[in-house]
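Here the structure is laid out as structure tokens; the discussion comes afterwards.
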Amino acid sequence: MATKLSSVMVVDQQEVFRLGVKTLLECKEQWKVVADAADGREALNLAATVQPDLVILDHTLPSLNGIDLSRCLRERLPALNIILFTSFITDDLVMDYISAGVRAIVLKTDSFDQLVAAARNVQLGKAYISSSMSEFVAEKLFQPVNLRQQTLTCRERQVVQLVAEGQMNKQVAHILGVSAKTVETHRAAAMNKLNFVSVSQLVRYAVRNNLVSI
């Protein structure tokens, strides 16, 4: 009897990475890539249809970044395993991804063996951090709480991303299913936390933190 392959969805705005992950994983004859997406909200809708066992996603995604996509996916599919496979990470983002339910973090600069090891570990119910990330994560985990930067909430980050992508308050409200007043409240809260006084500062913040690409 043939062994059942684990189903995988790959989410990355660059087609070359989606195809590369698909080709390399399927060579191992343990996984089958059943779907791929270049956009965060597209991926969220697609996952509800295909219900994969594993999602491999990047941080920088149009319309819905990797952190908030991870959180939404885990809310809708609690048994889903998620691997962050990215070229950009900061210590604060590591903690955000862990709290969002991501089970493994691998950098695109790591060897492909690290991604395979991550997939195998999460399949066994284990967490995995690539060797290049382990010291980085340990330092953040044991950093005193009062030294950690105040981070944006999930909704504040979504609003910042959409504003940085050029959406007006009414458009953001429509996308998120809230009122324009609520959008303005979240935007003001984000600007207050970050000590910003202009939308241009929010845009630069989003670019620096790879919430949007340029």
All conditions in (1) outside any helix (DSSP H, G or I); (2) out of contact with any helix residue (DSSP H, G or I) (no Cβ under 8 Å at 6 or more places or on another chain) are true of GLU42 except (1)
Give the number of residues within region 70-103 that are under 12 Å from the mean Cα position of the chain (by Cα) and among the charged types (D, E, K, R). 4
Only one of ALA206, ALA119 is within 22 Å of ASP96 (Cα to Cα), in contact with a helix residue (DSSP H, G or I) (Cβ under 9 Å, 6 or more places away or on another chain) and modelled with pLDDT of 90 or more, namely ALA119
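Residues checked against (1) in a helix (DSSP H, G or I); (2) basic (Lys, Arg); (3) under 24 Å from LYS4 (Cβ atoms); (4) free of Cβ contacts under 8 Å to residues at least 24 places away in the same chain:
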position	(1), (2), (3), (4)
PRO52	no, no, yes, no
LEU61	no, no, no, no
LEU64	no, no, no, no
LEU69	yes, no, no, no
CYS72	yes, no, no, no
ASP96	yes, no, no, no
ILE105	no, no, no, no
GLN114	yes, no, no, yes
ARG120	yes, yes, yes, no
Spot the failing condition for GLY40; the list is (1) buried (at least 19 other Cβ atoms within 10 Å of the Cβ); (2) closer than 22 Å to LEU124 by Cα, and only one is missed. (2)
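Does region 199-207 contain any residue that is closer than 18 Å to ASP39 by Cα, in contact (Cβ under 8 Å) with a residue 24 or more places away in the chain, small (Gly, Ala, Ser) and part of a helix (DSSP H, G or I)? Write out each step before concluding.
Looking only at region 199-207, we keep the residues that are closer than 18 Å to ASP39 by Cα, and these are 206-207.
Then keep just the ones that are in contact (Cβ under 8 Å) with a residue 24 or more places away in the chain; that gives 206-207.
Adding the requirement that they be small (Gly, Ala, Ser) leaves 206.
Narrowing further to those that are part of a helix (DSSP H, G or I): 206.
Scanning region 199-207, I find at least one residue that is closer than 18 Å to ASP39 by Cα, in contact (Cβ under 8 Å) with a residue 24 or more places away in the chain, small (Gly, Ala, Ser) and part of a helix (DSSP H, G or I), so the answer is yes.
The values are calculated or read from the model by the stated rules, or taken from the named source; none is laboratory data. All figures in this text were calculated on a predicted structure; none of them were measured in a lab. All Cβ positions, even for glycine, are placed from backbone atoms using ideal geometry, and neighbour counts span all protein chains on display.
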